[in-house]
1. Evaluate the following for residue 183: is it assigned to a helix (DSSP H, G or I), assigned by TED's automatic domain parsing to the domain that holds residue 54, under 20 Å from the mean Cα position of the chain (by Cα) and not acidic (Asp, Glu)?
2. Taking the condition of being at pLDDT 95 or above and either polar (S, T, N, Q) or in contact with a Lys or Arg (Cβ under 7 Å, 6 or more places away or on another chain) (or both), how many residues in region 262-282 meet it?
3. Which count do you get for residues in region 369-414 that are among the aromatic types (Phe, Trp, Tyr) and either surrounded by fewer than 18 Cβ atoms within 10 Å (Cβ to Cβ) or free of Cβ contacts under 8 Å to residues at least 60 places away in the same chain (or both)?
4. Being out of contact with any Asp or Glu (no Cβ under 6 Å at 6 or more places or on another chain), in contact (Cβ under 8 Å) with a residue 12 or more places away in the chain and either more than 30 Å from residue 395 (Cα to Cα) or of a type outside the set (Asp, Glu) (or both) is the requirement here; does residue 278 meet it?
5. Out of everything in region 272-308 that is more than 20 Å from the chain's Cα centre (by Cα), under 28 Å from residue 375 (Cβ atoms) and aliphatic (A, V, I, L, M), what residue ends up being surrounded by the fewest Cβ atoms within 10 Å (Cβ to Cβ)?
6. So, in region 16-50, of the ones that are small (Gly, Ala, Ser) and part of a loop (DSSP other than H, G, I, E, B), which residue ends up surrounded by the fewest Cβ atoms within 10 Å (Cβ to Cβ)?
7. What tally of residues in region 322-356 results from selecting those that are farther than 21 Å from residue 53 by Cβ and under 12 Å from the mean Cα position of the chain (by Cα)?
8. Please find, among 221, 243, the residue that is surrounded by fewer than 18 Cβ atoms within 10 Å (Cβ to Cβ), among the charged types (D, E, K, R) and assigned by TED's automatic domain parsing to the domain that holds residue 286.
Amino acid sequence: MYGTLAPTAKRVEDYVPLVGRDLIDGLKRLAKPFKGLRVLNLSVTAFGTGVAELLRSSVPLLSDLGLDCQWQVVHVDEESARVNKQMYRALAGGRADWDERMVRTWQHYTAMNADLLRDHFDVVVIHDLQPAALRTHIEKGRHQRSRWIMYSHIDLSSAQDDVWSLVRRHIQDYDALVFEDETFLGVGIEGVPVSIIPPAIDPSGPRNMPLSQNAIAGVLDQYGINRRRPLVAQVAPCSKDCDALGAIEAFRLAQEQVPSLQLVLMVTSLPEDPFELTYFETVAAEAARHSEDIHFLSNPGDVGNVEVNVVQRAAKVVMQRALRKGFGIWLSDALWKEKPVVAAPMGGIPKQVIHGKTGYLASTTEEFAGHIVNLMGNSETAQELGAAGHQHVTDNFIVCRYLRDYLHLLEGIA
């Protein structure tokens with residue numbers, strides 16, 4: 001594996017103003033028995049994913065609480081990276097042309113990474129399913145005394161049968177399995193303790209930290225976004241699952257009643273296969289047809305966490321037209337910023353967007369457009385929903401709550 005990653009140091013004490021003294025003191029009490037416990041968090045990538053964002057904040061905070069907490073990334077080359085992407089697609093409910101050659105590649109690189117895992121850890125937490133077979137390869141020798149946790153961050157309920165069957169065989173002997181939502185469990189999981197730990201956001205990170213009006217204005221001007229016109233935004237991958245074309249359709253319908261309205265589609269990850277690339281190009285072409293009103297931001301060199309922060313703070317409404325798979329934790333970013341959210345009732349969205357309280361759930365284009373128009377014209381309702389959304393995230397989706405769940409998980413397998 002690559003060397004241990006070193007995220008920026010963080011202090012749990014700095015979160016007292018956000019979550020209160022009681023929660024922070026509770027974390028310290030929970031962590032006390034685990035002082036010096038060697039914990040390895042292992043992921044497929046170090047950036048660009050929700051998993052990486054979560055580890056970037058949680059690992060240094062767990063270290064501050066006294067654990068010897070580390071984060072490493074599995075070794076891949078171009079061939080194994082392609083196989084990993086196909087495996088992810090198949091497990092997340094898509095379709096992959098899975099064959100024996102891919103199985104051999106997967107097994108070869110799993111064995112190689114198992115050989116590279118030479119340091120001893122008391123607990124190993126695998127945060128992506130692609131390295132799930134590591135324990136199988138290591139079980140015969142090193143790390144037999146380690147506790148192993150598989151933490152799946154994707155919805156496995158519709159996983160492709162042949163790929164899921166292969167992976168499932170290797171996670172049945174883990175000491176614990178973790179999913180982000182109770183509906184995300186894969187078929188046929190038996191005999192392993194299961195915990196539900198939703199994801200969380202870090203209010204102090206670049207994606208959510210406070211920004212000055214000058215900083216916001218500078219980024220908007222850079223992208224040619226008119227600061228004098230009301231803005232609705234969707235921040236998500238540009239995939240059919242997230243329905244960017246549906247977002248454009250809802251925007252165009254809302255614009256009939258709010259002519260000055262503009263839309264920002266901010267793409268958080270670029271397409272990785274021909275099917276997704278075709279959809280991406282279709283969305284880009286449609287946005288280009290309305291370039292005065294629709295801003296399609298998709299350059300990974302320009303679209304980072306700070307830019308996401310700016311766009312969400314500038315928006316009057318944040319929407320998520322669809323989300324067929326996943327939790328959609330980026331909506332908690334918007335709710336934290338006191339922005340009303342209009343979103344589809346899919347995945348983990350209903351856990352964040354409580355209809356009529358922290359935002360609105362909508363299924364049709366007409367419902368989306370109606371809620372957007374209502375919020376654009378009713379600032380009092382928008383402010384009430386925004387304030388309630390901020391409080392809901394504070395209570396349920398801040399990284400300190402994640403740390404509490406994580407420590408309880410360690411208690412359960414100790």
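The values are calculated or read from the model by the stated rules, or taken from the named source; none is laboratory data. Computed from a predicted structure; not experimentally measured. Positions of Cβ are backbone-derived with ideal geometry, glycine not excepted, and every protein chain shown enters the neighbour counts.
1. Working: assigned to a helix (DSSP H, G or I): yes; assigned by TED's automatic domain parsing to the domain that holds residue 54: yes; under 20 Å from the mean Cα position of the chain (by Cα): yes; not acidic (Asp, Glu): yes.
For residue 183, the condition - assigned to a helix (DSSP H, G or I), assigned by TED's automatic domain parsing to the domain that holds residue 54, under 20 Å from the mean Cα position of the chain (by Cα) and not acidic (Asp, Glu) - is met.
2. Taking region 262-282 as the starting set, the residues that turn out to be at pLDDT 95 or above are 262-265.
From what is left, the residues that are either polar (S, T, N, Q) or in contact with a Lys or Arg (Cβ under 7 Å, 6 or more places away or on another chain) (or both) are 262.
Summing the residues that are at pLDDT 95 or above and either polar (S, T, N, Q) or in contact with a Lys or Arg (Cβ under 7 Å, 6 or more places away or on another chain) (or both) in region 262-282 gives 1.
3. Here is the first cut: in region 369-414, the ones among the aromatic types (Phe, Trp, Tyr) are 397, 402, 406.
From the residues that got through so far, the ones that are either surrounded by fewer than 18 Cβ atoms within 10 Å (Cβ to Cβ) or free of Cβ contacts under 8 Å to residues at least 60 places away in the same chain (or both) too are none.
Matching residues across region 369-414 total 0.
4. On the way: out of contact with any Asp or Glu (no Cβ under 6 Å at 6 or more places or on another chain): yes; in contact (Cβ under 8 Å) with a residue 12 or more places away in the chain: no; either more than 30 Å from residue 395 (Cα to Cα) or of a type outside the set (Asp, Glu) (or both): yes.
Judged against the criteria, residue 278 is not a match.
5. Applying the filter and picking the extreme gives 288.
6. If we filter region 16-50 for residues that are small (Gly, Ala, Ser), which is where we start, we get 20, 26, 31, 36, 43, 46, 48, 50.
Adding the requirement that they be part of a loop (DSSP other than H, G, I, E, B) leaves 20, 36, 46, 48.
Working: 20: 13, 36: 8, 46: 16, 48: 13.
Result: 36.
7. Residues in region 322-356 being farther than 21 Å from residue 53 by Cβ and under 12 Å from the mean Cα position of the chain (by Cα): 0 in total.
8. Working: 243 fails: surrounded by fewer than 18 Cβ atoms within 10 Å (Cβ to Cβ).
Being surrounded by fewer than 18 Cβ atoms within 10 Å (Cβ to Cβ), among the charged types (D, E, K, R) and assigned by TED's automatic domain parsing to the domain that holds residue 286 holds for just one of 221, 243, which is 221.
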